[in-house]
Amino acid sequence: MVIDELRSVGFDPAVTVCKFARFVVFAISILSAGACGSSSGTGGGADGDGTGGADGTGDGAGTGDGDGTATGAGDGDGPDGPGGVDGGVACGTLEADFRDFRSAHPDFEQFAGNDAFEGLVESQLGADQKPVYAHPGGTAQTTGPDEFNQWYRDVPQVNMRVRLPIVLQETQPGVFVFDDSTFFPLDGTGFGNEGNPNNFHFTTEIHTRFRYRGGEIFTFTGDDDLWLFINGTLAIDLGGLHPALTATVDLDAEAANLGISPGNDYAMDIFHAERRTDQSNFRIETTIECLVVE
């Protein structure tokens, strides 16, 4: 009855419903297009892919999410670690080159001592980033320059090089430690143990960089030879064969001698030798916040 009355006054419900349906379809299409355009427009800025601005180049501790490049630039998907480390090696990991020697080498298993023999090497690193032997011939702890120059260089039939990590742990806030009182990283490798319970005849070479912030110290405990260079200058001299000895460098106290100032990055070079049975100790303790492999 209602429809008949509407038709009597010239209103056709069927036509009106069709027009309304077309309007609804048109409105939905407009809204859908606008929503997609808005989502696309904001989405590009949200993930930071265009500029990488969401990522940092910060110099704080910790590692990043691996999305960034070696300079700390990333895709904005999450918080990055310190600049130059994001996606790279962890701050406390030192890559060490170990060189295995036979016990018959003239500098291994041939000498003995109970205290550090200082002055075996010059106070400045050589141009090749190796320690420079400081004597024209032999000493009470070494055979001579030719033999010493084999310690940290690859020499076929004389040594065999193996690269392994040394990982420092944060034992308390701001203190990072590696401690091994049975330090035999080359057991069963290289020239082997040569009838000994462990492989006692090897050298250790580490090159890294750190940011000097002020207030840091670096302590080493071990046997036998150990030389620590900071910014190319000798900072710890524990040369010679000896039981486990400890030496500490206070970076603030030695800053002038080392040529360092807070806020800058500097090279750290560590050279160690295990030359005689029957102990091997290697301990690093430092408040340097981050050691970054070169």
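The values are calculated or read from the model by the stated rules, or taken from the named source; none is laboratory data. What you see is a predicted model, and the numbers here were worked out from it, not measured in a lab. With ideal geometry, Cβ positions are generated from the backbone for all residues, glycine too; neighbour counts draw on all protein chains shown. Ligands, DNA and RNA are stripped out before the accessible areas are found, and what is left, the full protein with its side chains, is counted by its heavy atoms. Shrake-Rupley method; radii C 1.70, N 1.55, O 1.52, S 1.80 Å.
Of the three principal axes defined by the Cα atoms of the stretch 120-165, the extents in descending order read 30, 23, 17 Å.
Carbon-plus-sulfur fraction of the accessible area of the stretch 184-293, 1.4 Å probe, in percent? Present the calculation step by step, with values, prior to reporting the outcome.
Values: 1590 of 3600 Å².
Here carbon and sulfur together make up 44 percent of the probe-accessible area.
Computed extension length for A267-D179: 29.4 nm, one decimal, from 0.36 nm per residue of separation with the Cα-Cα distance subtracted. Taking GluC sites (Glu not before Pro) across the stretch 90-184, the ones in a DSSP loop with at most 15 further Cβ atoms lying within 10 angstrom of their Cβ are E118, E122.
Where only protein heavy atoms count, and the probe is 1.4 Å, what is the accessible area per residue for the stretch 140-229 in Å²?
Values: 3900 Å² over 90 residues.
It amounts to 43 Å² per residue over the stretch 140-229.
For the stretch 85-143, carbon and sulfur atoms together expose 49% of the accessible surface, with a 1.4 angstrom probe and every protein chain in place.
Take every Cα-Cα pair in the stretch 139-239 and report what % of them are more than 19 Å apart.
Numbers: 2880 of 5050 pairs.
Looking at the stretch 139-239, the distances longer than 19 Å represent 57 percent of pairs.
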